[in-house]
Amino acid sequence: MTITRFAPSPTGHIHVGNLRTALMNYLIARKAGGSFILRLDDTDQERSKQEYVDGIKRDLEWLGLTWDREERQSLRLDRYAEAADQLRAAGRLYEVFETPTELDLKRKKQLNMGKPPVYDRSGLNLSDADKDKLRAEGREGYWRFRLDHERIEWADGILGDISIDAASVSDPVLIRADGQVLYTFASSVDDRDMEVTNIVRGADHVTNTATQIQIIKAIGGTPPAFAHHSLLTGAQGEELSKRIGALSIRDLRESGVAPEALLSMMARLGSSQPVELRMSLDEIAEGFDLSQFGASPTKFDPEDLWPLTRERNHALPYEAVKDRITALGVPAELGERFWRVASQNITRLDDLGAWWAIFHDGAEPQIDAEDADFVAEAMTMLPPPPYTDATWGEWTAQVKEATGRKGKGLFMPLRKALTGQAHGPDMSDVMPLLQVVRARG
């Protein structure tokens, strides 16, 4: 059975980069009829907050990315302690005491000698007496995983064949001095225990993957199939890190971006397939293929979400927006007509409010100086509301005959006088919706 997972840290709101990871893992499970796990990486008790847990779930539910089961790493601390004891017994986990300053000096010395800045494993040479002495000096020990110095290889679902010499990588720290289990370890234990079969994540995790493959094997597991997607950049190729807060799923949702627009883009961005609107996750999953994605950094411009949002909103049936339209105060008998008229002239659904304000309260007339007399004369021929489908044609025909105006010179000044805008819906459809006409005076 195919099992995938999304493992965010509840230390903030998830953003577009996180979504790309979540969506790819979700689609793999969906296409295979498998299971998708939401696994909260909340071992950092100081920074993890329930409000962020709730926010992550709210964002995923808004997008329709439902999970089959939920796990929390904070509830599995005993299991991590058990796995750590297993590694200690196998000689794969060893205690070290260097301070950050000492490690930095070692790295600088290695670089000056033309050597890679890899941990020198001096901790392996410490006797029990040495460790006791260091503790007596106030040093706090923490734990590193001893990598087997061999080539770590896997067939990456996006990057192709990967081979990393473990001797070029520092033995990773798995447990901090305060006992906190770090991501590399907790994630490996979870992936093994939860029988995760496929993992997609960012290309910045490639080195983590190499070490985690060894950790998973060391605790008796079989490494899953890995794939590493490209990292997102801004539209000009700039790093997104400084802007990522503004690209949270929460903020995009509140700005009016449609979930289908966001999903359609994230499921194809960076692939050889064009980004096209899809109205359901089934449609998105149908064309999803990891082999279509490339390794190069992928440009993301949030402005590209608006044409997709507009297209999605134009395609919505009335029933999908009925409650929203009713909440605006649109009478039930005008609801469907209002949606038909306004839907093709909005980007965000929130834009509906401005259109109803025009129809219900009347627009501020936009009248050019050279058209003032013409509009004033035309308005004397317009009866008060209510209007019908035929009103616009009958009225403009009467105005044309009386003034001699025709074409754009006839229709545009009248449109701007009634709606305050030079563009918009067909005026024959607008007239029955007009409750007030300010230009009538």
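Only the coordinates and a few stated rules stand behind these numbers; no lab work does. Because the structure is predicted, anything quoted here is derived from the model rather than measured. With ideal geometry, Cβ positions are generated from the backbone for all residues, glycine too; neighbour counts draw on all protein chains shown.
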- Taking a cut-off of 16 Å between Cα atoms, list the lysines near Lys406, but don't count ones fewer than 8 places away on the same chain. Lys416
- Message: Taking amide H atoms as placed 1.01 Å from N in the peptide plane, list the residues 5 or more away in sequence, or in a different chain, whose amide H sits under 5 Å from that of Leu174.
- Response: Trp143, Arg144, Phe145
- Long-range amide H partners of Gln435 with built H, under 5 Å: His360, Gly362
- Message: Using alpha carbons only, how many angstrom separate the centre of region 390-436 from the centre of region 156-172?
- Response: 69
- Task: Go through region 225-230 residue by residue and turn each phi into a ³J(HN,Hα) via Karplus (6.51, -1.76, 1.60, θ = phi - 60°); whole Hz please, and just put x for glycine and proline.
- Result: 7, 9, 9, 10, 7, 5
- Task: Under 14 Å from the Cβ of Ala390, count the other residues' Cβ atoms, weight Lys and Arg +1, Asp and Glu -1, and hand me the total.
- Result: -4
- Between region 98-143 and region 193-224, how many Å separate their Cα centres? 27
- Query: What is the packing order of peptides 420-426, 280-286, taking the mean over residues of other C-beta atoms within 10 Å and listing the highest first?
  - Reply: 280-286, 420-426
- Query: So how much slack lies between Glu364 and Ala177, counting 0.36 nm per residue of separation and subtracting their Cα-Cα distance, in nm?
  - Reply: 60.6 nm
- Message: Please compute the length gained on full extension between Gln421 and Glu61, using 0.36 nm multiplied by the number of residues separating them and subtracting their Cα-Cα distance.
- Response: 125.8 nm
- Note on the structure: One can check that the equivalent ellipsoid of region 320-440, built from the alpha-carbon gyration tensor with semi-axes equal to the square roots of five times its eigenvalues, has lengths in Å, largest first, of 27, 14, 12
- Under 25 Å from the Cα of Lys115, which lysines turn up, not counting those fewer than eight places away in the same chain? Lys106
- Item | Net lengthening on full extension, Asp304/Asp165 (0.36 nm per residue, minus Cα-Cα) | 46.0 nm
- Message: Sort 15-23, 250-258 by the packing proxy (mean of other Cβ within 10 Å over each peptide's residues), most packed first.
- Response: 15-23, 250-258
- Note on the structure: The answer for trypsin sites (Lys or Arg not before Pro) in region 158-238 that fall in a DSSP coil and have at most 15 neighbouring Cβ atoms within 10 Å is Arg176
- Query: What ranking, highest mean first, results for peptides 38-50, 291-303, 179-191 when packing means the other Cβ atoms within 10 Å averaged over each residue?
  - Reply: 179-191, 38-50, 291-303
- Would you kindly give the portion of the calculated P(r) for the chain that falls above 42 Å, as a percent of all Cα pairs? 38
- Between Asn112 and Leu316, the FRET efficiency computed from the C-beta separation at R0 = 60 Å comes out, to the nearest 0.05, as 0.40
- Item | Of Lys133/Lys217; Lys108/Lys131; Lys49/Lys322; Lys322/Lys408; Lys108/Lys133, those spanning more than 32 Å from alpha-carbon to alpha-carbon | Lys133/Lys217; Lys49/Lys322; Lys322/Lys408
- Query: Label points 7 Å out from Cα along the Cβ direction at Arg88 and Asp289: separation in nm?
  - Reply: 5.1
- Give, as ranges by residue number, the residues of region 387-404 whose backbone N falls under 20 Å from the point 7 Å along Cα→Cβ of Ser428. 387-401
- Placing +1 on each Lys and Arg Cβ and -1 on each Asp and Glu Cβ in region 320-440, then taking the dipole about the Cα centre, the residue among Phe374, Leu414, Val321 whose Cα reaches farthest towards the positive end is Val321
- Query: What is the dipole size for the chain, taken about its Cα centre, with +1 at each Lys and Arg Cβ and -1 at each Asp and Glu Cβ, in debye to the nearest 20?
  - Reply: 580
- Of the DSSP beta bridges with both residues in the chain, give the percent that are antiparallel, rounding to the nearest 5. 50
- Task: Taking the Cα centre of region 320-440 as origin, sum charge times position over the Cβ atoms of Lys and Arg (+1) and Asp and Glu (-1), and report the length of that vector in debye to the nearest 20.
- Result: 160
- Task: State, to one decimal in nm, how far the label point of Met412 lies from the label point of Arg253, with both points 7 Å from Cα in the Cβ direction.
- Result: 4.4
- Query: Can you give the net charge of the other residues whose Cβ lies under 15 Å from the Cβ of Leu105, counting K and R as +1 and D and E as -1?
  - Reply: +1
